[in-house]
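Written below as structure tokens is the structure these notes are about.
The values are calculated or read from the model by the stated rules, or taken from the named source; none is laboratory data. Keep in mind it's a predicted model, so treat the numbers as computed, not measured. Here Cβ is always computed from backbone atoms with ideal geometry, including for glycine, and neighbour counts include all displayed protein chains.
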Amino acid sequence: MSAFYSLRIDDIPHDGFRLSTQWNAVELEAILADTDGLFSIASPIDIEVQFHLPRPQVLMKGSCAVTLELACVRCLKEFVWPLEIRFRYIFWPKSKESHVEEKELDVEDLEVVYYKEGEPVDLRPLIAEQIYLNAPQYPYCQDSCKGLCVQCGTNLNEQTCSCAQSFRPETLSPFSVLKKLKK
Ligand SMILES: [Zn+2]
Ligand SMILES: [Zn+2]
């Protein structure tokens, strides 16, 4: 199965079109370059999309499954996070009437993507956007993660240390711990 990244909306047949494909993480890495180290993609990306007419607007419904690698915000340990995302987009031709308000299209909570007629639409930025929006913002390796010891930096999930408990305020961020460790 060869990967499939873009399509021409004009080529979609009258009875719609369904597609399953798999992308390599590399394909999205450039687009996701500004994740600020929040996560990386640790698996191929499975994608299924369905296109529904009538034109000029085309509805794309789909899902994508991917595994992310994240760093725990408490203990900094890296762990994997399987993600399954459902999404819907409306493609609308970028022509004279392109500045249609979303409400005129009667498509609340749908994202509108404008396309140039006759030109292929690249699906990669849309999938990248979905992964970005659905990646956890404050990921914990486990709900009960105990974080790092403020004093000595021990990962308290793995070991105990002999530092006084009173020096472990719950609210301490691991970044201040890191700063201490770097000194
Ligand atoms: Zn953790
Ligand atoms: Zn300690």
Can you find a residue that is within 15 Å of ligand 2 (Cβ to nearest atom), at pLDDT 70 or above and assigned to a loop (DSSP other than H, G, I, E, B) anywhere in the stretch 133-140?
no
The one condition GLY118 fails out of (1) small (Gly, Ala, Ser); (2) loosely packed, with under 15 Cβ neighbours inside 10 Å; (3) not assigned by TED's automatic domain parsing to the domain that holds GLU48 is (3)
